[in-house]
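Quick notes on the structure that follows.
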Amino acid sequence: MTDVAVKLSSKEQIEEFVQINTRSGCQVDVRSGRSYIDGKSIMGLLTLKLLKPIYVSLIGDDSNVSEVMQAYKKQHLLVQG
């Protein structure tokens, strides 16, 4: 399992985030405050207040997790820190 912080600032970023997650072979769990959402659910993500970074747990094979991380990085979704 890999945990990362992600910042989604627009509807387009949410759509790209969901597309990346849907194409992956990973289970993607999103936490924002006390809420937990399936990272492949656009409706669920649209219900979150995205003023702060969300925390994403990627569960899957190392190669799948690595691909997702590279896609997040390419789309500038990862919070640097």
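Once R0 is set to 25 Å, what does the formula 1/(1 + (r/R0)^6) return for the Cβ-Cβ distance between LYS7 and ASP38, expressed as a FRET efficiency to the nearest 0.05? Mind dumping the intermediate values first?
Numbers: r = 19 Å, r/R0 = 0.76.
My answer for the efficiency is 0.85.
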Angle in degrees between helix 11-23 and the longest Cα principal axis of the chain, rounded to the nearest 10: 30
With axes computed from alpha carbons, what is the tilt in degrees of helix 62-74 against the longest principal axis of the chain, rounded to the nearest 10 within 0 to 90? 50
In the chain, taking the dipole from +1 charges on Lys and Arg beta carbons and -1 charges on Asp and Glu beta carbons about the Cα centre, the listed residue (ASN21, LEU77, THR2) farthest towards the positive end is LEU77
Tell me which aspartates and glutamates have Cα within less than 18 Å of LYS49's Cα, excluding those fewer than 8 residues away on the same chain? GLU12, GLU15, GLU16, ASP29, ASP38
Which lysines have a Cα less than 23 Å from the Cα of LYS74, not counting those fewer than 8 places away in the same chain? LYS7, LYS11, LYS40, LYS52
Count charges around CYS26 for me, please; just the other residues with Cβ under 14 Å from its Cβ, Lys/Arg as +1, Asp/Glu as -1. -4
Select one label from (i) 20, 61, 19, 0; (ii) 18, 54, 26, 2; (iii) 20, 48, 27, 4: the one whose number is P(r) over Cα pairs in 10 Å bins from 0, in percent as derived from the coordinates shown. (i)
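All of the numbers you see were taken from the coordinates with simple rules; none came from a lab. Because the structure is predicted, anything quoted here is derived from the model rather than measured. Cβ sites come from the backbone with ideal geometry, for glycine too, and all protein chains shown count toward neighbours.
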